[in-house]
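**Q** The structure is given below, and queries will be raised subsequently.
The values are calculated or read from the model by the stated rules, or taken from the named source; none is laboratory data. Since this is a predicted model, take the numbers as computed values, not measurements. Positions of Cβ are backbone-derived with ideal geometry, glycine not excepted, and every protein chain shown enters the neighbour counts. Side chains are part of the model used for accessible areas, which takes the heavy atoms of the whole protein and leaves out ligands, DNA and RNA. Shrake-Rupley method; radii C 1.70, N 1.55, O 1.52, S 1.80 Å.
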Amino acid sequence: MLDRLPFLIGLRYVRAKRRNHFISFISLTSMLGLTLGVAVLILVLSVMNGFDRELRERVLGMVPHVQIEQAGGMSDWQPLVEEVTEHPHVIGAAPYIQQQGMFSVGGRNHGAMVNGIEPEWESKVSIVDEHMQTGKLDDLSAGSWHIVLGSILAQNLGVGVGDSVTLLVPEASITPAGVFPRLKRFTVSGIFSVGADLDANLAYANISDMQTLARMGDDIGGLRLELDDLFLSGSVTREVVDSLGQGYRGYDWTYTRGNLFQAIQMEKRMIALLLTVIVAVAAFNIVSTLVMVVTDKRADIAILRTIGATPRSIMGIFIVQGLAIGVIGILIGVVLGILLALTVSDIILFVENVFGIHFLDAGVYFVSELPSQLIWSDVSQIVTAAFVLTFLSTLYPAWRAARVQPAEVLRYE
C-alpha cells in the first residue's frame, strides 16, 4: 500500500479542488504554458522543415547540383557526358549555356538569366518540365528563337505565349554604323512556375540559338550534373574534375544557394533553442505551484509521516503531482501542435483568400507558399525535452516536502 501511496495521493491532489484558488490558477497557467510552448515548438520546427524541403525539391531541383566548365569553352561534350555519368553518384548530365541579359517589351525592362539547353536532355538535371504552366520544352527547337519564361518574369513583362520579347545581352556588336548592343527578338512559347524566386529571374532557350547569339560556334558553357545525394556535391565535384584532367573546373550548388540553406539550418536551431527556453519557463512554473502546494499541505504531510510514510514516499507524491500537470500539458500541446503543423498551409491560404493579402512574395522569398513538414523525430525530441524539464522542476519542491518535520507542524494544529 505504501508503494502505491505516492501515485494515489499525487493524482488525487491533481484532481482535488483547492481552497486556495491562486494555487489552482498557477497550476492551470503552468499547464497552459507547457501546452502552448510544445505546440508552437512543433509548429515552428515543422514550418522550418517545410522551407528546408522546398529548398531541396524546388530551388535545388532547378539549380544544378554541379557545374563542370572548361577554360576557353567546351566543344566535344558528348564523350564527357558518358565519362562523368560513370561516377556512381551522378545520375544525369546535360549541356548548357548561361547568359545574363535584359528583356524588353513595350518599355518594360527586366533582367534575367537565360539558360541555353537541349530540351531532350534537360529533364535529366531539372524539374522545369514538370512545372510548365503553358507550352512545353520541346517547343524550343533549334533556329525557332523560342523562349520559355518564369511566370513572375512573364507577368512583370506583361507577355504570354505567342508574344515577342527582345533580349539584350551585355556585349556590343561593331557595325559600319557604330557600336550597338547585341539583341535578339524571341517568341514566348511557354511559361513555367515552380513557386520560387526563380520564376522571376530565369528563362530557357535552345542551346543552338544561344550559341548563335553569344557567337560561341559549336562550344557550350559546360555540363550540369544531377546527383543522387546533393550533400555529396563537394566531394563529387572534386572527384569528377580530377578524373577529367587539367583545364576543367567545377562548382556545386553551395556556391549559389549554400548560404540560403545554411541560414535556414541556423534559424531552425536558434528558433528551437529560443522556444525550448519558453517551454522551460512554463515547466519551471510548476516549481512555484508545488512550493505553494507543499506549504498548503504541511499538515497532511505531517500526518502521513506519523503513520509511516517515508521521506522518499513524500517526495514521490509531489513528483507525481508535478509530472501529472506537466504530462497533461505536454500531451495537449503535442496534439495541438501536430494538428497545426498538418493544416497550417491551408489555414494561411484561407486567410490570404479571405483578406486578400499575400504573406510570401516569390519575388522576395524563395517560395510563395508557407510550407510545413512534420517530422516525428522532432516531435519525440520535443516531448522528451519537455518531460525532462518538467521532472527537474518537481525535484526541489518534493525535496522540501520530504524535509517537513511532523512534530513542528502538528505542535500548532
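**Q** Restricting to region 211-257, name every residue that is under 30 Å from Phe51 (Cβ atoms), in contact with a strand residue (DSSP E or B) (Cβ under 8 Å, 6 or more places away or on another chain) and part of a helix (DSSP H, G or I). Explain how you work it out, then say what you get.
**A** Restricting attention to region 211-257, the residues satisfying the condition of being under 30 Å from Phe51 (Cβ atoms) are 222-238, 240, 250-257.
From the residues that got through so far, the ones that are in contact with a strand residue (DSSP E or B) (Cβ under 8 Å, 6 or more places away or on another chain) too are 222-228, 233-234, 236-238, 240, 250-253.
Scanning region 211-257 gives Ser233, Gly234, Val236, Thr237, Arg238, Val240.
**Q** Could you give me the residue pairs with C-beta distances under 7 Å whose first residue belongs to region 260-276 and is farther than 20 Å from Ala385 by Cα, whose second residue is open to solvent by less than 50 Å² (accessible area, probe 1.4 Å) and of a type outside the set (Lys, Arg) wherever it lies, and which are 6+ apart or on separate chains?
**A** Taking only residues 6 or more apart or on different chains, the pairs are Leu260/Leu55; Leu260/Phe366; Phe261/Leu55; Ile264/Met48; Ile264/Phe51; Ile264/Asp52; Ile264/Leu55.
For (1) of a type in the set (Val, Ile, Thr); (2) in a strand (DSSP E or B); (3) farther than 23 Å from Thr212 by Cβ, each residue gets a yes or a no:
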site	(1), (2), (3)
Asn115	no, yes, no
Glu120	no, no, no
Ser126	no, no, no
Asp129	no, no, yes
Asp138	no, no, no
Ser141	no, no, no
Ser144	no, no, no
Val148	yes, yes, no
Ala154	no, no, yes
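**Q** Considering only region 122-137, how many residues are over 13 Å from Phe192 (Cα atoms) and open to solvent by 70 Å² or more (accessible area, probe 1.4 Å)? Lay out the reasoning, then the answer.
**A** Step one: of region 122-137, the residues over 13 Å from Phe192 (Cα atoms) are 122-125.
If we keep only those that are open to solvent by 70 Å² or more (accessible area, probe 1.4 Å) as well, we get 124.
Residues flagged as over 13 Å from Phe192 (Cα atoms) and open to solvent by 70 Å² or more (accessible area, probe 1.4 Å) within region 122-137 amount to 1.
Rundown of residues vs (1) surrounded by 17 or more Cβ atoms within 10 Å (Cβ to Cβ); (2) in contact with a helix residue (DSSP H, G or I) (Cβ under 7 Å, 6 or more places away or on another chain); (3) β-branched (Val, Ile, Thr), yes/no style:
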site: Asp52; (1), (2), (3): yes, yes, no
site: His65; (1), (2), (3): yes, yes, no
site: Glu69; (1), (2), (3): yes, no, no
site: Ser75; (1), (2), (3): no, no, no
site: Glu82; (1), (2), (3): no, no, no
site: Ala93; (1), (2), (3): yes, yes, no
site: Gly101; (1), (2), (3): yes, no, no
site: Met113; (1), (2), (3): no, no, no
site: Glu120; (1), (2), (3): no, no, no
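**Q** A follow-up question, please. Select from region 35-68 the residues that are in contact with a Lys or Arg (Cβ under 6 Å, 6 or more places away or on another chain) and within 28 Å of Ile328 (Cα to Cα) and list them in ascending order.
**A** Within region 35-68, Met48 is the sole residue that qualifies.
**Q** Let me ask another. Conditions first: (1) surrounded by fewer than 18 Cβ atoms within 10 Å (Cβ to Cβ); (2) out of contact with any strand residue (DSSP E or B) (no Cβ under 7 Å at 6 or more places or on another chain); (3) not in a helix (DSSP H, G or I). Ala309 passes all but one, so which condition is the exception?
**A** It is condition (1) that Ala309 fails.
**Q** Do you know which of the residues in region 163-174 that are under 37 Å from the mean Cα position of the chain (by Cα) and at pLDDT below 90 is least open to solvent (accessible area, probe 1.4 Å)?
**A** Val169
So that you can scan it fast, the table gives a plain yes or no per residue for (1) part of a loop (DSSP other than H, G, I, E, B); (2) of a type in the set (A, V, I, L, M):
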{"position": "Gly72", "(1), (2)": "yes, no"}
{"position": "Glu82", "(1), (2)": "no, no"}
{"position": "Pro88", "(1), (2)": "yes, no"}
{"position": "Ala94", "(1), (2)": "no, yes"}
{"position": "Gln99", "(1), (2)": "no, no"}
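**Q** Right, here's the next one. From the list Leu340, Leu274, pick out the single residue that is open to solvent by 50 Å² or more (accessible area, probe 1.4 Å), modelled with pLDDT of 85 or more and part of a helix (DSSP H, G or I). Write out each step before concluding.
**A** Working: Leu274 fails: modelled with pLDDT of 85 or more.
Leu340 is the lone residue from the list that is open to solvent by 50 Å² or more (accessible area, probe 1.4 Å), modelled with pLDDT of 85 or more and part of a helix (DSSP H, G or I).
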